[in-house]
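Each remark here refers to the structure printed beneath this line.
Bear in mind these aren't lab numbers, they're just calculated from the coordinates by the rules spelled out. On a predicted model such as this, the values are computed, not experimentally measured, just so you know. Quick reminder, even Gly has a Cβ in these numbers, built from the backbone with ideal geometry, and neighbours come from all protein chains shown.
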Amino acid sequence: MLKILLLGVLLIIVARMFWRVVDGIIEGVSGQPRQQVRSGVKLQRDPICGTYVAPGSALSLTAGGTTQYFCSEKCRNEYLAR
């Protein structure tokens, strides 16, 4: 019974490796990747503590036509106090 189970696992591993090779060949012939590569997000620097933050999840403050991004309420409040 154990031999059959191990043989089944081995067959699954070999089949997955085979299909990865086939996918690679198809991708190479077509010249276009199957999966799209995601581009990164440009990080903004917190003007108070210098931490880099993603604009989508950071606290922000727009003043004078420029937007500043902050890592925390503490940094934003310190910036406002200046």
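Could I have the simple spin-label model distance between residue 32 and residue 20, label points 7 Å from Cα toward Cβ, reported in nm to one decimal?
It is 2.5 nm.
Find the relative contact order for the chain and round it to a whole percent, using C-alpha pairs within less than 8 Å whose residues are 6+ positions apart.
That works out to 18 percent.
May I ask for the angle, rounded to the nearest 10°, between helix 2-30 and the longest principal axis of the chain, with both axes built from Cα atoms and the value confined to 0 to 90°?
Tilt relative to the chain: about 60 degrees.
Output the peptides 52-58, 42-48 sorted from most to least packed, where packing is the average of other Cβ atoms within 10 Å over each peptide's residues.
Per-residue Cβ counts within 10 Å, averaged per peptide and sorted highest first, yield 42-48, 52-58.
How big is the shadow of the Cα convex hull of the stretch 24-76, averaged over all directions, in nm²? The partial results should precede the final answer.
Values: hull surface 22.8 nm².
The number I arrive at for the stretch 24-76 is 5.7 nm².
Suppose each label sits 7 Å from its Cα in the direction of the beta carbon; what would the residue 9-residue 51 distance come out to in nanometres?
A separation of 4.4 nm, rounded to one decimal place.
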